[in-house]
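Structure first, commentary second.
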Amino acid sequence: MKKVLLSVLFTLCTAALVFAGGAKDKGSGNFGSEGAPVKVTYMCKDVDPITDGALLSALEEKIEKGLAAQGKFIDLVILSAPTGSYKSVVPIAFRTGQISPDLIYFQGGDLPIAQEGLFEDLTPYIQKSVHVKNIMGEHNKAAMANYPYLMWLAPPRVQIPVMREDWFQKLKSGKALMQNPTVDNYYELFKEMKETGLCKWPITTDGGILKLDSVFNHAFGVSATIVKQKGKWVYSVATEENKNKIAFYAKLYKEGLLDREYVTKAWDTMEQAFYEGTAGFVAGTAGDVVNVYNNKMIGAQGKKLTVLPPAKGIGQAYQNVDVTKESRGFAINASSQVKDAAWAVLDYMASPEGRILDKLGLEGIHYNLVDGTYVLTKQFPSWWAKFWPTMNGLDLSKVQGEVLTRPAIDSLKAAQKYFAADKNVILPEDLLPLKDAMDKLYTEYSTDIIRGVRPVSDYDEFIEKWNKAGGNKISDYLASVLK
């Protein structure tokens, strides 16, 4: 009797959705008609129709026309996000039903929502995609295999070291570094920068050591977030290899090679020190951020940047790329009645036509089409991709002008060459407070040791406290999930 009742209720609910007005695809592949397009709503950080109404209306129209040429009639509607920090307010608004876009970008806070079944599994969509699967990087594929709810087709977020090209060419140690980028040769480079008076601080960073870690982790043998030592799964920060790395940073700090004010520097003061020449070496995210650094350095000093390799030692790679899950990206609302139409938008933006629209912007504003060549205008730098930041799928041979500068392209190539995947473990909620306390302990000890407040030998004390604070308990959990 219960099964019969549930069947009747399901039939009634389905019928109500079908006749609720407007064309709906219900995930069935119905894309409406020219007179009754399927409505697809979209929400993304910093994509706001209130502030950029004219441009976004033109973008909507271009996407709709492109899909209509494929016989898919879609009415794309870009929504404004709720007021407040996007990362904080959007997950809450989505879970409470305040917002319910068909396509929605997340930048954190998505995991609990996925665990509640509120996102669509994108695996079957990717498998049958016409274009998306063709522009996915290996890190995208690995992340989607582990967490198929959030997709972000962008280069791996890897911190790439850069410095002024003219300075690098002046240094005798530069050639040796490029030929053999050992830790010792990096040290010699920093030392020569200091001794020749090129800058006050050879290295600067933004309050922490993550940017330095991207250069030196693998050289010291810190090759993953979680490693197995003596038959036990542990976090790599609580290992002898990480201790040796921190000792090297302490040496750099003591000798005045690492900015003495790095702990208090934010991203803007770090960049200011770099552009004005106070500091000579920073790391920025491959692609777009390196592009910004290069353009601003040209504006400030008239000089381009050189991309540097990761240090070579026990291993050689930039920072590990966590493929446990994407940290940001687009999800399809599980309650959407237009899932196939929503996916069609994502897939179209991965097509050759979509890549031109997404990466180059609007014809007549950001580029002009001249004899089959896309000639970028002075307005082009104001445009940024509203869907997929990747350069994959964009034919640069047909573009006149710089979509990205040479150093930015070099940084993307370097990120691919020295790519290292890393699979973390998502901890249950009862262990998260322990891990937070452990991370604070690491920040305290590593910072004090680097600044000379504590001796390097205190790192052994840190490892002992780390294990007592939760390291041992979490290792037991890791053993239960890592076979």
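The values are calculated or read from the model by the stated rules, or taken from the named source; none is laboratory data. Being a predicted model, the structure only gives us computed values, none of them experimental. Methodologically, a virtual Cβ is constructed for each residue, glycine included, from the backbone with ideal geometry; neighbour enumeration extends over all protein chains shown.
Summary of computed values
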| quantity | calculated |
| --- | --- |
| Filter result (more than 17 Å from S475 (Cβ to Cβ) and acidic (D, E)) within segment 437-465 | E444, D448, D458, D460, E461 |
| Unique residue being acidic (D, E) and surrounded by fewer than 21 Cβ atoms within 10 Å (Cβ to Cβ) when the list is E271, E255 | E255 |
| Per-region count, segment 451-483, residues over 17 Å from E240 (Cβ atoms), β-branched (V, I, T) and either surrounded by 12 or more Cβ atoms within 10 Å (Cβ to Cβ) or at pLDDT 95 or above (or both) | 2 |
| Scope segment 223-262; condition of a type in the set (K, R) and out of contact with any strand residue (DSSP E or B) (no Cβ under 8 Å at 6 or more places or on another chain); matching residues | K230, K232, K243, K245, K251, K254 |
| Total residues in segment 255-271, condition assigned to a loop (DSSP other than H, G, I, E, B) and more than 21 Å from P310 (Cα to Cα) | 6 |
| Of all residues making up segment 272-291, the number that are outside any strand (DSSP E or B) and within 22 Å of P155 (Cα to Cα) | 6 |
| Helices (runs of 4 or more DSSP H) completely within segment 104-172 that count 2 or more residues being over 19 Å from the mean Cα position of the chain (by Cα) and either crowded, with 17+ Cβ neighbours inside 10 Å or without any contact (Cβ under 8 Å) to a residue 40 or more places away in the chain (or both) | 111-115, 123-127, 165-170 |
| Residue count, segment 399-415 (criterion: touching a residue at least 40 places away in the same chain (Cβ under 8 Å) and either surrounded by fewer than 17 Cβ atoms within 10 Å (Cβ to Cβ) or at positive phi (or both)) | 1 |
| Elements of type strands (runs of 3 or more DSSP E) in segment 188-241, at least 1 residues being of a type in the set (D, E), free of Cβ contacts under 8 Å to residues at least 24 places away in the same chain and surrounded by fewer than 22 Cβ atoms within 10 Å (Cβ to Cβ) | none |
| In segment 435-450, the residues that are β-branched (V, I, T) and buried (at least 18 other Cβ atoms within 10 Å of the Cβ) | T447, I449, I450 |
| Exclusive hit being over 24 Å from the mean Cα position of the chain (by Cα), part of a loop (DSSP other than H, G, I, E, B) and buried (at least 16 other Cβ atoms within 10 Å of the Cβ), set K62, K39, K72 | K72 |
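Let's see how each residue does on (1) modelled with pLDDT of 95 or more; (2) closer than 30 Å to K304 by Cα:
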{"position": "L404", "(1), (2)": "no, yes"}
{"position": "P407", "(1), (2)": "yes, yes"}
{"position": "K413", "(1), (2)": "no, yes"}
{"position": "I426", "(1), (2)": "no, no"}
{"position": "M438", "(1), (2)": "yes, no"}
{"position": "L441", "(1), (2)": "yes, no"}
{"position": "T447", "(1), (2)": "yes, no"}
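Every residue, every condition in (1) closer than 19 Å to G287 by Cβ; (2) more than 24 Å from the chain's Cα centre (by Cα); (3) surrounded by fewer than 17 Cβ atoms within 10 Å (Cβ to Cβ), yes or no:
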residue: Q337; (1), (2), (3): no, yes, no
residue: A344; (1), (2), (3): no, no, no
residue: G364; (1), (2), (3): no, yes, yes
residue: L369; (1), (2), (3): no, yes, yes
residue: G393; (1), (2), (3): yes, no, no
